[in-house]
Amino acid sequence: MRRNGARHLLSMADLDRDDIEQILNLTGSFAEVGERSIPKVPALRGKTIAWLFYEDSTRTRLSFETAAKRLSADTMNFSVSSSSVNKGESLRDTIETIAAMGIDGVVVRHRAAGAPQQVADWTDAAVINAGDGWHQHPTQGLLDLYTATSHLGDLDGKHIAIVGDIKHSRVARSNAIGFATMGARVTLAGPPTLLPPSLDGWPVEVTHDLDAVIDELDICYLLRMQLERQKQAVVPTLREYHHECGLTSARADRLGAEALIMHPGPMNRGVEIAGEVADRPNAVITEQVANGVSVRMAVLFLLLGAGLQPVDESAVGGGLAVA
Amino acid sequence: MGSIAITNGTLVDGGGTRRADLLIQNGIIAEVGERLEGDTVIDADGLVVTPGFVDLQVHFREPGGEEAETIQTGSRGAALGGFTAVVVMPNTTPTIDSAAAVRQIHDLSIDALCEVMPSAAITVDRDGEALTPMAELVRSGVRMFTDDGVGVQDARVMRTALEYASGLSHLADGFEIVLAQHCEVNALAAGGAMHEGDWSSRLGMPGQPAEAEELMIARDIALARLTGGRVHFQHVSTARGVDLIRAAKTEGLKVTGEATPHHLSLDHSAVASFDSVFKVNPPLRTPADVAAIKAGLLDGTLDAIATDHAPHTRQDKERPFLDAPPGMLGVETAFAIANTELDADIEKLVELLSINPARIAGIDDRHGGPIEAGRPANLALLDLDEEWTITGAALASRSSNTPFEGRSVRGKIRHTIWNGDLVVTSGEATR
């Protein structure tokens, strides 16, 4: 999580297994905070976090806001219309403007891969990547790991299939690394047109036939199918996509009773997932959303709160007095 | 202007490396001999004296992009890089697609530190449709046509341009007009920001496959065969592109090729930094492509090193990688990169940087040697062993987007003489 001496969270590749376990443990503590009658702690009182969302986002943005508020941080929103990029303002000018107001952290979402990394090169504030193009979405990866471990325990040897539009998915890139780091067996499933051009060096297996692996999965992770992919002719029709690659009711029936159905949202019911399947008991999709707040509390706390020392759970507990 | 004597230097000009003194008077080489004296004496002991370099592809941004570069600053960098002539690309604002625009370039070049040779667009506004008035442009001095920055997508338009240009030699003292192509099939490359491969996949960056270049090279080889026209392949970046050109040359077609200093020294892993200084078109490719480019230069498949010098302002290059404009500085560092990275002797480097590009551009009457009495005095004096570190801020360009920041290199231009004028002396531009 370190870059240029400052602490950032830019990519799942920045985290080793110990880092992830530390974050997940802390997430557990913060999840308890969320269950209190007044779910708020003073851990980040006096800290200022800026939201720099160059790309529309509702759920990630709200999740981060909720996390920051529960930690008593001050937040400010730098309103970035998508046109300001087109007007040519340099990213550097934008981040230096915000930094001049005095911030401790900045949460960046951008349609361009690597933008948060560039921001990290230009500011002393902690930078958290809230999604950059097709590249990375590390807090999504962490909340997915937290959700998976809370049901399945240790992920060593567990088999996850990440299904669908891998090529254009930052969630897939974060999760392929994250689940593999935690010892899981990762299979990417999708038609060749939705896979990255090269998978050299990826810790994954690949199949174009979801049916070949569905019976043995511990997690079936479905990616959102961008509806415009049909117009771009990378899949013939969404109906065919659903039939060949979607989690149909028939495929869902073949999953083991303990196997999880996951999705980063927002879902296209009837495309990547049959409408009915999304409501089954082993579909943990809304739980993922709830865990998103806790995981982001943990990340914000680790980067902004406790200084550079690793935080053990007892210390966190001590610091988590009800505000 | 007084006379200049260059003493004790080693002459390298393709005609046999030898030690001799030179006397330069009234812009020309007056004498090549021993113990010559002049008003100014340059002791070239330990230095190599070569014909001035010729860059087949630069963007000096003027008119239209003066915040990034001007002809004055670009030509100063070129002179510091040992170049005595450059071919400026037509993607200015306005486009160089008329005789009036060519005259404007000549007017803007009045204080330049090297010869500035305008190329002109193949199609009006470089939009790939209507041909520019090529005969009129040739009459105004143009010898190379290109829609640089974009390839001519329509094979019929390219065929017509090649056929038409092949009938213009009588306006160019018998020189066969050359069409230079930026080889890239837009249908495959559009939207891509880097080479499509393992790095683009990992970084989540839209890619441009090597095949986008290969397909257009293959097409234009076919069109060269069909029309008998002359095609020059700009900034070749792919291994199979080199193979295609090699085969076309074996067949006897009139094709030539160039490669840039960055394509022979950098690969796509550089993009992992997300620093848009590494964004360039065609993109940095794989290490295997880099090796093939080097081999192509060494075996003569690729005729020239051209820089594709492409300055961009800091604010433009500080946009996210996906949005930043492609391009890198090149003129001032080209020789050092080639000298450091290529396993070539100085004779070969002079071929690649001077003799061959002068011939391709149709200016070998005054550039590219040989160094002999009666020729215009366009010369570079090089120290092959001097080591230095590249820093963008120290370059003459108005921009600083060098991909070689901090790199230690070997080989430095000490003096550059253009038309008998000492435009660079002891590594400093004189104006």
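Return the FRET efficiency for the residue pair B:Ala130, B:Glu66: r is the Cβ-Cβ distance, R0 is 30 Å, and the value is rounded to the nearest 0.05.
Working: r = 28 Å, r/R0 = 0.94.
Result of the calculation: an efficiency of 0.60.
Using just the helices of chain A, give the 222 nm mean residue ellipticity in deg cm²/dmol: DSSP H runs with n ≥ 4 each add -39,500 (n - 2.57), and the total is spread over all residues, rounded to 500.
That calculation yields -11000 deg cm²/dmol at 222 nm.
Counting Lys and Arg as +1 and Asp and Glu as -1, each charge on the Cβ, what is the dipole of region B:369-431 about the Cα centre in debye, to the nearest 20?
In debye, rounded to 20, region B:369-431 gives about 200.
Need one value for B:171-180: mean number of C-beta atoms belonging to other chains within 10 Å of its residues' C-beta atoms. Each step should come with its number before you reach the end.
Working: counts 0, 0, 0, 0, 0, 0, 0, 0, 0, 0.
The shielding value for this peptide is 0.
For A:Arg61 and A:Ile38, what is the calculated FRET efficiency with R₀ set at 22 Å and r taken between the beta-carbons, to the nearest 0.05?
0.40
What is region B:68-110 by shape, rounded, prolate or oblate, if you read a ≥ b ≥ c off the alpha carbon gyration tensor as root eigenvalues and call it rounded for a/c under 1.5, prolate for a/b larger than b/c, and oblate otherwise?
prolate
Quick one: dipole size for the protein assembly as shown, taken about the Cα centre, charges +1 on Lys/Arg Cβ and -1 on Asp/Glu Cβ, in debye to the nearest 20.
It works out to roughly 1540 debye.
Which of the listed residues, B:Leu266, B:Ile337, B:Ser276, is farthest toward the dipole's positive end in region B:228-358, when Lys, Arg count +1 and Asp, Glu count -1 at the beta-carbon?
B:Ser276
Taking 8 Å as the Cα distance limit and 6 or more residues as the minimum spacing, I'd like the relative contact order of chain A as a percentage.
The normalised contact order for chain A reaches 21 percent.
How large is the helix-only mean residue ellipticity at 222 nm for chain B, computed as the sum of -39500 (n - 2.57) over DSSP H runs with n ≥ 4, divided by its residue count, in deg cm²/dmol to the nearest 500?
About -7500 deg cm²/dmol.
Report, as an integer, the average count of C-beta atoms from other chains found within 10 Å of each Cβ along B:274-284. All intermediate terms of the calculation are to be shown ahead of the outcome.
Numbers: counts 12, 4, 4, 0, 0, 0, 0, 0, 0, 0, 0.
Mean shielding by partner chains, rounded to a whole number: 2.
Could you identify which residue out of A:Gly46, A:Gly105, A:Gly183 has the top mean-square fluctuation in a GNM of chain A using Cα springs shorter than 10 Å?
Among A:Gly46, A:Gly105, A:Gly183, the largest GNM mean-square fluctuation belongs to A:Gly46.
Of the listed peptides B:86-98, A:203-215, what is their order by residue-averaged count of other C-beta atoms within 10 Å, with the highest listed first?
B:86-98, A:203-215
Quick check: the distance between the Cα centres of region B:305-384 and region A:260-295, to the nearest angstrom?
When both Cα centres are located, 58 Å separates them.
Where both partners of a DSSP beta bridge lie in the protein assembly as shown, what percent of those bridges are antiparallel, to the nearest 5?
In the protein assembly as shown, DSSP labels about 35 percent of beta bridges as antiparallel.
Check cross-link reach from A:Lys167 to the aspartates and glutamates: straight Cα distance under 13 Å, and skip same-chain residues fewer than eight apart.
Candidates past the 8-residue exclusion: B:Glu196, B:Asp198.
Using a 10 Å cut-off around each Cβ of peptide A:116-123, what is the average number of partner chain Cβ atoms that fall inside? If you can, show how the numbers build up before the last one.
Working: counts 2, 7, 9, 1, 1, 4, 1, 0.
If you average over the peptide's residues, the count of other-chain Cβ atoms is 3.
Can you pull out the GluC sites (Glu not before Pro) in region B:307-347 that DSSP calls coil and that have at most 10 other Cβ atoms within 10 Å?
Values: sites: B:Glu318, B:Glu332, B:Glu341, B:Glu347; in loops: B:Glu318, B:Glu332.
When the GluC sites (Glu not before Pro) of region B:307-347 are filtered for loop state and at most 10 Cβ neighbours within 10 Å, nothing remains.
Over 10 Å intervals from 0, what percent of Cα-Cα pairs in region A:165-294 sits in each interval?
12, 45, 37, 6
Please list, by residue number, every one of the GluC sites (Glu not before Pro) in region B:73-147 that is coil in DSSP and has at most 15 other beta-carbon atoms within 10 Å.
B:Glu129
For region B:93-174, what's the radius of gyration and Dmax over Cα atoms, in angstrom?
12.8, 40
In degrees from 0 to 90, rounded to the nearest 10, what is the angle of the helix B:99-108 Cα long axis to the longest principal axis of chain B?
Rounded to the nearest ten degrees, it is 50.
Does anyone have the angle between helix B:210-227 and the longest principal axis of chain B? Alpha-carbon axes, 0 to 90°, nearest 10?
Its long axis makes an angle of about 80 degrees.
Please give the Cα centre distance for region A:204-234 versus region A:18-79, rounded to the nearest Å.
31 Å
Report, in degrees rounded to the nearest 10, the 0 to 90 angle that the Cα long axis of helix B:287-298 makes with the longest principal axis of chain B.
40 degrees
Evaluate the charge dipole of region B:136-235 about its Cα centre and quote only its size in Debye, nearest 20, assuming +1 on the Cβ of each Lys and Arg and -1 on the Cβ of each Asp and Glu.
Its charge dipole is roughly 220 debye.
Measuring from the lowest to the highest alpha carbon on each principal axis, how far does chain B reach, largest first, in angstroms?
Rounded to whole Å, the extents work out to 62, 49, 41 Å.
Quickly rank A:247-254, B:183-190, A:124-131, A:258-265 as a protection proxy: mean count of other C-beta atoms within 10 Å, highest first. All intermediate terms of the calculation are to be shown ahead of the outcome.
On the way: A:247-254: 16.8, B:183-190: 18.9, A:124-131: 24.5, A:258-265: 20.9.
The most tightly packed comes first, giving A:124-131, A:258-265, B:183-190, A:247-254.
May I ask you to compute the full-extension gain from A:Leu227 to A:Asn77, defined as 0.36 nm times their residue separation minus their alpha-carbon distance, rounded to one decimal in nm?
Gain in length upon complete extension: 51.0 nm.
Which is farthest toward the positive dipole end of region B:94-190 among B:Met158, B:Val185, B:Leu171, measuring Cα position about the Cα centre, with Cβ charges +1 (Lys, Arg) and -1 (Asp, Glu)?
Of B:Met158, B:Val185, B:Leu171, it is B:Leu171.
If you take the square roots of the eigenvalues of the alpha-carbon gyration tensor of region B:136-208 and sort them as a ≥ b ≥ c, do you get rounded (a/c under 1.5), prolate (a/b over b/c) or oblate?
Prolate, because a/c is 1.5 or more and a/b exceeds b/c.
Rounded, prolate or oblate for the protein assembly as shown? Axes are the square roots of the Cα gyration tensor eigenvalues, ordered a ≥ b ≥ c, and the cut-off for rounded is a/c under 1.5.
In terms of gyration-tensor shape, prolate.
Go through A:His159, A:Gly256, B:Leu47 and say which Cα lies farthest out towards the positive end of the charge dipole of the protein assembly as shown; charges sit on Cβ, +1 for Lys and Arg, -1 for Asp and Glu.
Going by the charge dipole, the pick is A:Gly256.
Which of the lysines could a cross-linker bridge to B:Lys294, judged by Cα under 20 Å and excluding same-chain residues fewer than eight apart?
Partners within reach: B:Lys249, B:Lys348.
Take the Cα atoms of chain A, build their convex hull, and give its volume per residue in Å³.
131 Å³
Just tell me which lysines come within less than 24 Å, Cα to Cα, of A:Lys69; anything on the same chain fewer than 8 places away is out.
Partners found: A:Lys40, A:Lys47.
Suppose we keep just the DSSP beta bridges with both residues in chain B; what percent of those would be antiparallel, to 5?
Restricted to chain B, the bridges split so that about 50 percent are antiparallel.
Only the coordinates and a few stated rules stand behind these numbers; no lab work does. Just so it is clear, the model here is predicted, and its values are computed rather than measured. Cβ sites come from the backbone with ideal geometry, for glycine too, and all protein chains shown count toward neighbours.
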